[in-house]
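Asks: I have a structure here, written as structure tokens, and I will follow up with some questions on it.
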Amino acid sequence: MKIKRWEPENFTLEMNTVWSFPERGNWATHDAKYRGNWSPYIPRNLLLRYSKAGDLVLDQFAGGGTTLIEAKLLGRNIIGVDINPVAIEICRQKINFDYPNTGNVDLKMGDARDLYFIDNESIDFICTHPPYADIINYSENIDGDLSLLKLKDFLLEMNKVATESYRVLKKGKFCAILIGDTRKKGCVIPLGFEVMNIFNNSGFTLKEIIIKEQHNCKATGYWKTNSVKYNFLLLAHEYLFIFVKK
């Protein structure tokens, strides 16, 4: 693959708690082919603000590899974990580029609920984007795939994810998680705040709540018709929670 651009044009660090990226970003090997992957502007902002070159970062829901690409470009070392071998192979392809002073990427097929291969308090920054329960299924029958779980079971398993995140993160360091809400029978299910409370109860302290605007939910066609017919608003936000381990 021929790389046309290695970094975003005219990039500036986000300075407030509302983030919006109408152009999702397509520098380096980034693309939007992996369903539900986040804009590379998000991990770029997070890595620059909450880590430094040479740090060891963790993304335990590596997915399409967006965070891994940014960590490599910015000189951070990163452990990328995913339970899905398809995701691992996509990540392997995405990080297959040469760039000056890159960080090292260590890919692991594993379970975010049991990071036994990572030592206690060895991670400098966690930067991750878990599935939103079963809104998008990333596999058909992989045991341990949290994207196959209904809300109640998903939240139970996220307790284990939070516990492991707290264990591996160094004191004084940060954990960033993007998560959105969902609906059931026309009413909002506050998945974001449920996950926020899970991480708070696992020992983390909440530092920031960032509202991230979504740009793939315009009120057109089917959804516009149903939004009016059944009287509900389209969810156009996600939460980016920044926790610190005191």
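Asks: So which residues in the stretch 215-243 are farther than 21 Å from Val18 by Cβ, outside any helix (DSSP H, G or I) and at pLDDT 80 or above? Step through it out loud before you land on a result.
Replies: In the first step, residues of the stretch 215-243 are kept if they are farther than 21 Å from Val18 by Cβ; the result is 220-232.
Filter once more, so that each one left must be outside any helix (DSSP H, G or I): 220, 230-232.
Once the filter is applied, which keeps residues that are farther than 21 Å from Val18 by Cβ, outside any helix (DSSP H, G or I) and at pLDDT 80 or above, the stretch 215-243 yields Asn231, Phe232.
Asks: Continuing with the same structure: Considering only the stretch 1-58, how many residues are surrounded by fewer than 19 Cβ atoms within 10 Å (Cβ to Cβ) and among the small types (Gly, Ala, Ser)?
Replies: So the answer is 5.
Asks: Now for a separate question. Could you tell me whether Phe154 is under 27 Å from Ala71 (Cα atoms), crowded, with 18+ Cβ neighbours inside 10 Å and modelled with pLDDT of 95 or more?
Replies: Details: under 27 Å from Ala71 (Cα atoms): no; crowded, with 18+ Cβ neighbours inside 10 Å: yes; modelled with pLDDT of 95 or more: yes.
The answer is no for Phe154.
Asks: Tell me which residues, restricted to the stretch 171-205, are among the basic types (Lys, Arg) and in contact with a Phe, Trp or Tyr (Cβ under 9 Å, 6 or more places away or on another chain).
Replies: Lys173, Arg183
Asks: Then there is this: Going through the stretch 126-154 one residue at a time, which ones are within 13 Å of the chain's Cα centre (by Cα) and outside any loop (DSSP other than H, G, I, E, B)? Reasoning before the result, please.
Replies: Filtering the stretch 126-154 down to residues within 13 Å of the chain's Cα centre (by Cα) leaves 126-132.
Result: Ile126, Cys127, Thr128.
Asks: Moving on to the next point. Considering (1) in a loop (DSSP other than H, G, I, E, B); (2) in contact with a His (Cβ under 8 Å, 6 or more places away or on another chain); (3) surrounded by 17 or more Cβ atoms within 10 Å (Cβ to Cβ), say which one Thr67 fails and leave the rest.
Replies: Here Thr67 meets the rest and fails (1).
Asks: Turning to a different aspect of this structure: Quick one: Tyr166 ticks every box in (1) in contact with a Phe, Trp or Tyr (Cβ under 7 Å, 6 or more places away or on another chain); (2) under 15 Å from Val81 (Cβ atoms) bar one, so which box is it?
Replies: Among (1) in contact with a Phe, Trp or Tyr (Cβ under 7 Å, 6 or more places away or on another chain); (2) under 15 Å from Val81 (Cβ atoms), the lone unmet condition for Tyr166 is (2).
Asks: Still on this structure, please answer the following. Return the residues of the stretch 100-121 that are assigned to a loop (DSSP other than H, G, I, E, B) and either more than 22 Å from Gly54 (Cβ to Cβ) or out of contact with any helix residue (DSSP H, G or I) (no Cβ under 6 Å at 6 or more places or on another chain) (or both); say none if nothing qualifies.
Replies: The first filter runs over the stretch 100-121 and keeps only residues assigned to a loop (DSSP other than H, G, I, E, B), leaving 100-104, 110, 112-113, 115-121.
Passing the criteria: Pro100, Asn101, Asn104, Gly110, Ala112, Arg113, Tyr116, Phe117, Asp119, Glu121.
Asks: Related question: Just one of Glu164, Glu157 is in a helix (DSSP H, G or I), out of contact with any helix residue (DSSP H, G or I) (no Cβ under 8 Å at 6 or more places or on another chain), in contact (Cβ under 8 Å) with a residue 40 or more places away in the chain and within 24 Å of Ile78 (Cα to Cα); which is it?
Replies: Working: Glu157 fails: out of contact with any helix residue (DSSP H, G or I) (no Cβ under 8 Å at 6 or more places or on another chain).
Only one candidate passes the filter, namely Glu164.
Asks: Of the residues that make up the stretch 99-106, is at least one touching a residue at least 60 places away in the same chain (Cβ under 8 Å) and surrounded by fewer than 20 Cβ atoms within 10 Å (Cβ to Cβ)? First the steps, then the outcome.
Replies: Going residue by residue through the stretch 99-106, those that are touching a residue at least 60 places away in the same chain (Cβ under 8 Å) are 99.
Filter again for surrounded by fewer than 20 Cβ atoms within 10 Å (Cβ to Cβ), leaving 99.
So far as the stretch 99-106 goes, yes, one or more of its residues are touching a residue at least 60 places away in the same chain (Cβ under 8 Å) and surrounded by fewer than 20 Cβ atoms within 10 Å (Cβ to Cβ).
Asks: Being over 23 Å from Phe204 (Cβ atoms) and not charged (D, E, K, R) narrows it down to one residue among Asn159, Asn104, Asn120; which is it?
Replies: Values: Asn159 fails: over 23 Å from Phe204 (Cβ atoms); Asn120 fails: over 23 Å from Phe204 (Cβ atoms).
Just a single option satisfies the conditions, and that option is Asn104.
Asks: Only one of these conditions is not met by Ile177: (1) more than 20 Å from the chain's Cα centre (by Cα); (2) under 23 Å from Leu47 (Cβ atoms). Which number is it?
Replies: Failed condition: (1).
Asks: Inside the stretch 13-32, can you point out the residues that are of a type in the set (Asp, Glu) and more than 16 Å from Ile90 (Cβ to Cβ)? Reasoning before the result, please.
Replies: Here is the first cut: in the stretch 13-32, the ones of a type in the set (Asp, Glu) are 14, 23, 31.
Scanning the stretch 13-32 gives Glu14, Glu23.
Asks: Same structure again: Yes or no: the stretch 205-228 includes at least one residue that is over 20 Å from Met158 (Cα atoms), aliphatic (A, V, I, L, M) and loosely packed, with under 13 Cβ neighbours inside 10 Å.
Replies: So far as the stretch 205-228 goes, yes, one or more of its residues are over 20 Å from Met158 (Cα atoms), aliphatic (A, V, I, L, M) and loosely packed, with under 13 Cβ neighbours inside 10 Å.
The values are calculated or read from the model by the stated rules, or taken from the named source; none is laboratory data. Treat the numbers as computed from the prediction; the structure is a model and nothing was measured. Cβ coordinates were reconstructed from backbone atoms using ideal geometry, including for glycine residues, and neighbour counts include every protein chain displayed.
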